[in-house]
Amino acid sequence: MDDFIDNDEFEIVVRSSGTDYISVKDDTDLYVKAATSSPVRVRITLGKHEATYWFTAAEAAVPVLSKIEVVKTAYTLYEDSAESERTFTVSAINTDGSSVDVTSDSKTSVTSDNEKVATASKGVITVNGLGSAKLTVTYEGQKAYITVTVLDEDDEVTSIKIKNSTTSAISYNSSVTLNTEAVYESGKKSKLDNSDVAYTITSGSSYAALEKGVLTNNNTSGSEQNVGVTATYMDSKSGKSFTDTVTFKFAAQDNEPYIELSTDSVEIQKGKTESFTVKYYTGASDETGTDVTSNADVKSSDTSVATVSKGTITGVAAGEAKITVTYNRLREEIAVQVTPGGEVTLPIGFDFN
């Protein structure tokens, strides 16, 4: 004979070696959530009757590598440059925003496209001769690049130039990374790292944002606007300061289409699904938009963690991934965190025979 007892009559008791757990009870099920992956014994009692269950709690999600970054992307050096001027660091950036210094990691390698000019290892650039070289830094499949220009000791800066094109308008809500080079007496040129250049908006500041050499279009005026940007470089060798100014065209918000996602982040359990929608707007005056979920291109950065198809994300394994949504050359992303669960639903009734 099977006796089915209402959950309100259950007493839930959790036993494990010194670890705190949280128990949750709702109207239909009993749950036990554990904070670690240690095995947990759950004992359900009713009077003299008892049932025991064992389960393993969810394991913490392993950080997923997103990209690597170097502290500087461009170096201008001389043949006798001190080692302190030739050092760099490599950081591994995870999708959860955490970072790890991997400069000296055995899995970090650096190759040069011109070893006669420069090579590098464990965060130190070695100068071998005059000219230019491109260093490729690799860590677990991710790459970052460093441009190295080696000059004669007597060569001096005569001017600088902002290299970005100003002929095409910058789209609303999009950004451009400023690119400035130094010109020398010999006629040689070298790319300047943005950490060595001070950028300022000299006109049209209400239509733009500028941070760490990245210029972003915030033009909501309704018409195209001009934005002036000045680059200032202090040459440490000569002590002289050099400037260059250019004017960018900023398209107005109303002139730019965009897509909007119903969410920009999702937390999902392994084996479960979450849905999202994609809307296309022709511009700021388009207040309703068009649902293009079924027509948008979607791609997962890691299909071993999450897959995606026509507005549905499926959790595959614990970890983090990014879903890239593209429509009409417009792109947005959804950050996905997949958890292995960590919840066990206990049965409503017991067989006491």
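The values are calculated or read from the model by the stated rules, or taken from the named source; none is laboratory data. None of these values were measured; they are calculated from a predicted model. We place every Cβ from the backbone using ideal geometry, glycine too, and count neighbours over all the protein chains shown. SASA here: full protein model, heavy atoms, side chains in, ligands and nucleic acids out. Shrake-Rupley method; radii C 1.70, N 1.55, O 1.52, S 1.80 Å.
Using only the alpha-carbon atoms of the range 160-222 as identical scatterers, what base-10 log of I(q)/I(0) does the Debye formula give at q = 0.20 Å⁻¹?
Taken in order of the listed q values, log10 I(q)/I(0) reads -0.84.
So with the 1.4 Å probe, I'd like the accessible area per residue for the range 101-177, rounded to whole Å².
Working: 4010 Å² over 77 residues.
Computed with neighbouring chains in place, this is 52 Å² per residue.
If DNA, RNA and ligands are ignored and the probe is 1.4 Å, what is the ranking of R329, R86 by accessible area, most exposed first?
Numbers: R329 225, R86 35 Å².
So the residues, ranked largest to smallest area, are R329, R86.
Give me the three principal axis extents of the range 254-343 from the C-alpha atoms, as integers in angstrom, largest value leading.
For the range 254-343, the Cα spread along each principal axis is 47, 22, 18 Å.
Stick to Cα atoms and the Kirkwood definition of Rh, then tell me Rg/Rh for the range 63-152. Please report the intermediate quantities before stating the final value.
Values: Rg = 13.3 Å, Rh = 13.2 Å.
For the range 63-152, the value is 1.00.
Tell me the label-point distance for the pair S165, E140, using the 7 Å Cα-to-Cβ offset, in nm and rounded to one decimal.
3.6
Quick check: the distance between the Cα centres of the range 56-134 and the range 223-269, to the nearest angstrom?
26
Based on the Kirkwood radius over alpha-carbon pairs, what is the Stokes-Einstein translational diffusion coefficient of the range 84-227 at 25 °C with 0.890 mPa s viscosity, in µm²/s? Could the numbers behind the result be given before it?
Details: Rh = 17.9 Å.
For the chosen part, D equals 137 µm²/s.
Whole number in Å², please: accessible area per residue of the range 240-290, 1.4 Å probe, ligands, DNA and RNA not counted. Don't jump to the answer; show the numbers that get you there.
Values: 2980 Å² over 51 residues.
In whole numbers, the range 240-290 has 58 Å² accessible per residue.
Using a Cα-Cα cut-off of under 25 Å, which lysines could be cross-linked to K163, ignoring same-chain neighbours fewer than 8 residues away?
K163 reaches K72, K134, K143, K188, K189, K191, K212, K237, K240, K249.
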